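The structure under discussion appears below in the form of structure tokens.
The values are calculated or read from the model by the stated rules, or taken from the named source; none is laboratory data. Because the structure is a prediction, the values reported are computed rather than measured. When we count neighbours, we look across all protein chains shown, and the Cβ atoms used for this are built from the backbone with ideal geometry, even at glycine.
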Ligand SMILES: Nc1ncnc2c1ncn2[C@@H]1O[C@H](COP(=O)(O)OP(=O)(O)O)[C@@H](O)[C@H]1O
Ligand SMILES: [Mg+2]
């Protein structure tokens, strides 16, 4: 373990015993290994993407890192603190945003939630005011401070939650699906903000997301987990290579034409009237391909579609020879 490691996970396990009634006086306990001997470290100031299929154990990891859940085994430290033992002490140093759930008071105007946090976290007055002003400005919430949370749109509410998570100047921010269900404008705002937070303030960020563009635009490092185990830890480009993932260039021509003759490995995968779809490796830039087509064809419009993250992960796991998971252990109580 390096000295600069801010988050340290060493063979961490989390097992859930799920009890199910199966008959009169009969219960079956199904053991779910949500996190399975997971090890990684994150250095101070890093911004790391944390991805994997549904049920892979991402949220469970974040809950252990915040101290909400206690690991079943292994060793976990954040800023040298054992989260589940000293959850309150750690709370002053971390911020967390769960995309699916708000920490704001539903019936209160946004500003009242912030006032409550000001007191809960005992944030010094000057600090609170300075942070509030800066965050509200950066996330464009100025007009909304007096609006009850229940009346906010999902994107506004999410930005409100991000402000709440950062009022106390945490050293690390955990984000669990912060852009899920957000419109394009809100997504861009959140991304711009996170980039700035990380570069200007040096805040360590662990970002769980389903949106590959979040990772592409923000994270130089990505960790992929599946069945609670680390499957990949490295740059995003490496993930694309391992998964041989492809992006799609959608081209609108002036008129219907035979399939575009594109330089390999790019190729036309679909033609519909004047519109053509070309697949090309996601690890390559679209620019040379676009330039070539623009030069030789009557181009009207074009756009690039990102590969679906689930598809990239599925391909990567497949190419790594992911062994099928054994059936869950069963015990009868
Ligand atoms: N409180 C819980 N009780 C029982 N099983 C749980 C609980 N929380 C999560 N799980 C199970 O643990 C696994 C990992 O869940 P989760 O961490 O939420 O995955 P992800 O966030 O990657 O989608 C899933 O199989 C899920 O059903
Ligand atoms: Mg989750």
Fill in the blank from the handout: Among the residues of region 149-183, the number that are without any contact (Cβ under 8 Å) to a residue 40 or more places away in the chain, within 16 Å of the chain's Cα centre (by Cα) and part of a helix (DSSP H, G or I) is 2
Practice task
Please work out which one of (1) at pLDDT below 95; (2) more than 21 Å from residue 215 (Cβ to Cβ) is the condition residue 10 fails and give its number.
Solution key: (1)
Practice task
State whether the residues of region 297-306 include one that is in contact with a helix residue (DSSP H, G or I) (Cβ under 6 Å, 6 or more places away or on another chain) and not in a strand (DSSP E or B).
Solution key: yes
Practice task
Out of 112, 146, report the one residue that is at pLDDT 95 or above and in a loop (DSSP other than H, G, I, E, B).
Solution key: 146
Handout entry: Residue among 190, 205 that is modelled with pLDDT under 90, under 19 Å from residue 50 (Cα atoms) and either in a helix (DSSP H, G or I) or away from ligand 2 (no atom under 16 Å from the Cβ) (or both)
Key = 190
Exercise for the section: Within region 59-117, count every residue that is within 16 Å of ligand 1 (Cβ to nearest atom) and over 18 Å from residue 208 (Cα atoms). Expected result: 8
Handout entry: Selected residue (only one of 127, 119, 115, 101 is within 30 Å of residue 143 (Cα to Cα) and within 16 Å of ligand 2 (Cβ to nearest atom))
Key = 101
Problem - Residues located in region 16-33, provided they are without any contact (Cβ under 8 Å) to a residue 60 or more places away in the chain and near ligand 1 (Cβ under 9 Å from one of its atoms) - result: 16, 17, 18
Handout entry: Residue selected from region 64-75 under the condition in contact with a helix residue (DSSP H, G or I) (Cβ under 6 Å, 6 or more places away or on another chain) and away from ligand 2 (no atom under 16 Å from the Cβ), by the criterion nearest to residue 96 (Cα to Cα)
Key = 67
Problem - Of all residues making up region 42-63, the number that are away from ligand 2 (no atom under 13 Å from the Cβ) and more than 15 Å from residue 171 (Cβ to Cβ) - result: 1
Exercise for the section: Could you list, in sequence order, all residues of region 34-46 that are over 13 Å from residue 5 (Cα atoms), more than 7 Å from ligand 1 (Cβ to nearest atom) and buried (at least 16 other Cβ atoms within 10 Å of the Cβ)? Expected result: 35, 36, 38
